[in-house]
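In what follows, a single structure is set out as C-alpha cells and then discussed.
The values are calculated or read from the model by the stated rules, or taken from the named source; none is laboratory data. Computed from a predicted model, the values in this text were never measured in an experiment. Neighbour counts run over all protein chains shown; Cβ positions are idealised from the backbone, glycine included.
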Amino acid sequence: MNDPVYFPVNDFGPAMKGIVIGGLGIFHVFLAQFAIGGGMLMAYFQWLAMRGREPKARLVLDSYFRWLVLVSFVTGAITGVAMWFTSIQISPATIGVMVSEFHWVWATEWLFFWVEVIAGYAFYRYGKRLDDRTRLALLVTYSVAGWGSLFWINGILSWQLTPGEWVATHDLWAGFFNATFWPSLVYRTIACGVIAGLVMALIVNTMGELEREDRRRLVHHSARFMLPVIAMPLVGAWFLGAFPEDSREWVTGASVAMTLFLNLTIGASALIGGYVVLGLWKQRLFINGATATLLLALAFGATAGGEFVREGARKPFTIREVLYSNSIRPADVARLRVEGCTSADPYPVRDAAQYPTEQLVKGALVFRNQCSICHTLSGVNALEHLMGAWTLDQQRMNVAKLQWTKGFMPPFAGTPDELEALVQLVRWQSADRPETWETSHDPAALAQIRRWLEEAGTSPASAGGGR
C-alpha cells in the first residue's frame, strides 16, 4: 500500500478559499484572453497597414502594443504565477493530479508561452525599425504562439469537467480531446477577439493625435474583427450541450446561483454582440471612451459569469469522477466512513486552546478536511448561516445525507463521531463561541447518524436531488 500523501493546509479567515482562487482566476483569464486576442488583432491591423486600407493602422498598432505588453507581460505574468501559488495553497491534490497526468502538455504550453514572450519582446524593442513584412511575421508568430498556449491549456481545463474515457484508460489524448474541448476552444477564441476589439475601441479614444473620423474608422475595423461574436449563441449551445447531463441541469435551473451567472453571461454577451454588430459594424457608429469602458466592463462580467459556471458545473467534483471538491477521492469515502477523515491528519488545529472541548477540536479538523475549500464557519458561505435554521436532528441528518440534501455536495466521508463533532462545532459557533460547551456522546444519536449514512450511501447524487 502506498504511503499517504500530505499537503500543507491554509486558512484565509472569513474569505472562502474558492472565492480567493476564483477571483484571481477570473482576473487572470480576462487578461490572458485579452493578450491572445490582442495578438491576432495586431496582426490584422498590420495587414491593413500593408494593404493601404487604413492610414492610421500602424500608429494605433504601436500604441496598442504598449498596452498589451504592460498587461500581458507584467500583470498577466504576475497573476499567472499567483494562480499557481494560490492553487497549490488551496487545492494541491487537484494540481498534483493535473501535473502528474499532463506534465508534457504543461511543458508544451510553456514552450508556446516563451515563444509568445520572445516574439512580443522583439516587436516591442525593434518593431518601429523593422519593415512591414518582418513586423507582420513577428506579430503572426506572437498571435499563433498565444493561441497555441490557449489550445493546450484549454485541453487540461476542459478535461476537469469531461474526462470521458480517460477515467478508465488514462490515455492522455482521450482526456485532452474530451467532449468539451472543441466547443470550449471556439468559445474562448471568440471571447479573445471581442475583448481585444473592445480594448482597441478604448485605446483609440486616449490618442489625442487622432481625429474623430479616424477613431470611428478604426473602431469599425475592430468591429469587423469582432464579427465572429455572431456565432456565440450557437457555440454556447454547443458547449452547454457537451456538458454531462447533471452539470447541464445545475446551470439551467437546479442551482440558482449557477443559473443566475449563466444568465449574466448570456445577457452581457448579447448586449456586447448586438452593439458590435448593429452599432459599430453595420451603422459605423462613433464610440467614445466611456461607452467603450462600459462594454469592456460587460465583457469582464461575461467572463466572470462564464468562469463561475465552468467551475461550478463540475460540482461535486474538482476533477469529474476522480476527485471531489474537498480533494477526497470517491473510492475513499467508504474507507473514511470507517477509519475517519481526521485519524491520519498530521497537522494540528490552529489555536486549539480556543475550543472548550476535544470534540470541538475534532469538529474543526473535520471542517478543515471536508468543508473549508467551499465554506467558512462564520464568513463567506458560512456553515453557521447555512445550517443555523435547522434543528439538531436536521443538522445531523442533512449532513449525513449531504449529497441528497444538496446534490452538488460530495457525500460525507467520516465516522458518526466526526459528523457529530462537526455539528457541535457549528452549533457552538452559532452560539457565539461560549467558554463552556457540553460534549455530546449520545449512543442513540450516533447510531441514528450511522443509519442515515448507510441510507445515503457513498455515491454522489444526481442534479435533480434524487437517487
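Considering only residues that are in a helix (DSSP H, G or I) and buried (at least 16 other Cβ atoms within 10 Å of the Cβ), which ones fall in region 243-258?
Asp246, Ser247, Arg248, Glu249, Trp250, Val251, Ala254, Met258
Just to be sure, is Phe73 in contact (Cβ under 8 Å) with a residue 24 or more places away in the chain and either in a helix (DSSP H, G or I) or out of contact with any His (no Cβ under 7 Å at 6 or more places or on another chain) (or both)?
Taking the combined requirement at face value, the residue satisfies it.
May I ask you to verify whether Phe286 is touching a helix residue (DSSP H, G or I) at 6+ places or on another chain (Cβ under 7 Å), surrounded by fewer than 18 Cβ atoms within 10 Å (Cβ to Cβ) and among the aromatic types (Phe, Trp, Tyr)?
yes
Taking the stated definitions as given, is Arg310 assigned by TED's automatic domain parsing to the domain that holds His28, out of contact with any strand residue (DSSP E or B) (no Cβ under 7 Å at 6 or more places or on another chain) and part of a loop (DSSP other than H, G, I, E, B)?
Judged against the criteria, Arg310 is not a match.
Scan (1) under 26 Å from Ile19 (Cβ atoms); (2) more than 29 Å from the chain's Cα centre (by Cα); (3) part of a loop (DSSP other than H, G, I, E, B) for the single condition Leu360 breaks and write down its number.
Only one criterion is unmet by Leu360, namely (3).
Look through Thr405, Thr376, Thr415 and report the one residue that is hydroxyl-bearing (Ser, Thr, Tyr) and at pLDDT 95 or above.
Only one candidate qualifies: Thr415.
With the checklist (1) under 30 Å from Pro346 (Cα atoms); (2) loosely packed, with under 15 Cβ neighbours inside 10 Å in hand, flag the one item Pro55 doesn't pass.
Among (1) under 30 Å from Pro346 (Cα atoms); (2) loosely packed, with under 15 Cβ neighbours inside 10 Å, the lone unmet condition for Pro55 is (1).
Here is a yes/no grid of residues against (1) assigned to a helix (DSSP H, G or I); (2) more than 19 Å from the chain's Cα centre (by Cα); (3) at pLDDT 95 or above; (4) surrounded by fewer than 16 Cβ atoms within 10 Å (Cβ to Cβ):
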{"residue": "Asn154", "(1), (2), (3), (4)": "yes, no, yes, no"}
{"residue": "Trp173", "(1), (2), (3), (4)": "yes, yes, yes, yes"}
{"residue": "Thr206", "(1), (2), (3), (4)": "no, yes, no, yes"}
{"residue": "Val229", "(1), (2), (3), (4)": "yes, yes, yes, no"}
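So that you can scan it fast, the table gives a plain yes or no per residue for (1) under 30 Å from Cys371 (Cα atoms); (2) aliphatic (A, V, I, L, M):
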position: Val81; (1), (2): yes, yes
position: Val105; (1), (2): no, yes
position: Phe113; (1), (2): no, no
position: Ser143; (1), (2): no, no
position: Trp147; (1), (2): no, no
position: Val167; (1), (2): yes, yes
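Is it the case that Ala82 is on the phi < 0 side of the Ramachandran plot, under 16 Å from the mean Cα position of the chain (by Cα) and among the aliphatic types (A, V, I, L, M)?
yes
Among the listed residues Ala302, Ala292, which satisfies the condition of being more than 30 Å from Val167 (Cα to Cα), assigned to a helix (DSSP H, G or I) and over 24 Å from the mean Cα position of the chain (by Cα)?
Ala292
Any chance region 82-92 includes a residue that's crowded, with 20+ Cβ neighbours inside 10 Å and out of contact with any helix residue (DSSP H, G or I) (no Cβ under 6 Å at 6 or more places or on another chain)?
yes
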